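Heads up: the structure comes next, in structure tokens.
The values are calculated or read from the model by the stated rules, or taken from the named source; none is laboratory data. The model shown is predicted, which means the values in this text are computed figures rather than measured ones. Backbone-built Cβ (ideal geometry, glycine too); neighbour counts: all protein chains shown.
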Amino acid sequence: MENRGRYSPQSYDLIHRNCNNFSLDAATDGLGLSEEVFPRWILDVPQRFLSSPMGMMVRPILEGMQLTGGGGSGANVAPFAGASGTTHQFASAPSSTTTLPTVADDNNSNPWANISSSPKQTQTSTKNVPSKQQQDAALAATPILNSYNHFFLSDDVAVVSICISKLTKHKNDDEERACMERLGQLLLTEKEATANEIEEEEHKSKTIESSSNLLLRYIHNEDNEEEKSKKSTTVFALMLLRLVILHSSCPKHVSSRIIQAVARNLLKNVDNSRNSAATQSMSWCVLSNAISKCDSSSLATFFLPTANDNNNNTMTGEEETKNNSTVDVSLEALVDAATLDISSNHDENQKRVVEVRQCASAFLYNVAHYFTTDAEEGEEGLSDAMVSLLCGSLEVGILEEEDGTVKLRRLLVASKMLRHSDATKNLAMELGFCDIVETLAAAEEKG
């Protein structure tokens, strides 16, 4: 056979020149069969996998396994020309969700080809800052991860009218009822043109602050026996608070008070004994939305209480003491609580339902997305929250996770953290997370 040297230990390529390519060449040029007998989509399987979130993470490992030689290297062998003198080229199979890039067979088109797989050789400077070429190569190799360049927001306003109706149904105070109705109008007209706004900016802020005070009562008073029989009102209040915190007219001190109240209620429920699944889910939605409004120099300080939280609250002294003394709110505590909520391997008494896992994983994703933007670019090393994000996303029950949305968000968290710095990559290797990644990759191939 005139192309006998094409398949050898030196020319084998795991991605572009593998057993599937050999089978095609053997069938068409060796046996003289028609190309139609060969399922062409099989040739696209490696690239489809590498374009998935899991493939993006394991690609450096696979590239490090490649055999390279001298002049007989697989990267330098010309595309196979059949007996007819034409090169076998197949178009990628159409995808209903993602358009995948076409990858050529030469070494120059492989963004990982010139990157060493040895961790010791990556330290080219004292700060381990990757070169511009390496950064561009990493971005080019992760098209799906690059597409997740925004926060996950819960901003559906379709339930506003229902929530307002439910919360004002039994209110006898006309002033409170009117305040809640004005809030409903504000939330429903937030996306309309400024010419149609119903109040001036100052009046909007006052309406939001007054209505937020009313909504927070449902959270502060949840220990009250009367309120325990009306847990649905807490859910309706949280549905509105998640939109309030996104509103452009929401004052900073109001946002901070909402965050503190919702976070304390979550952290008091780490054993999953008090809150309903709906309350737990909507609480994570509120905090996830809050991250998108963070304008602090650090996300950690954003979740700390401020002096305004106490100066502007409407709780009684007894309520304030109870709510402030039981739980200390911090980013690390919230990340740990969310990590506990995304796990699906609790016993039956503590198992989180899928809605809770989805909302908690959205919160973790938003934290990871914030860390990997310019907001935290100047920070060196790994904070406790970063370590918890990486470990929690890959370690706690991910192999047992059955919900595709939760698993995707957890992989996105891990992917963003791994691309964030060399420190996270080294930590993942030291903790043996490569084994987990390989297990997930094997399961993905079987699926």
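General observations
- Those helices (runs of 4 or more DSSP H) of the stretch 297-348 in which at least 1 residues are modelled with pLDDT under 80 and either in contact with a Leu (Cβ under 6 Å, 6 or more places away or on another chain) or closer than 14 Å to LYS268 by Cβ (or both), considering only elements entirely within it, cover 317-326.
- Residue check for ALA360: modelled with pLDDT of 90 or more and in a helix (DSSP H, G or I): yes
- Members of the stretch 147-165 that are within 19 Å of ALA290 (Cβ to Cβ) and aromatic (Phe, Trp, Tyr): PHE151, PHE152
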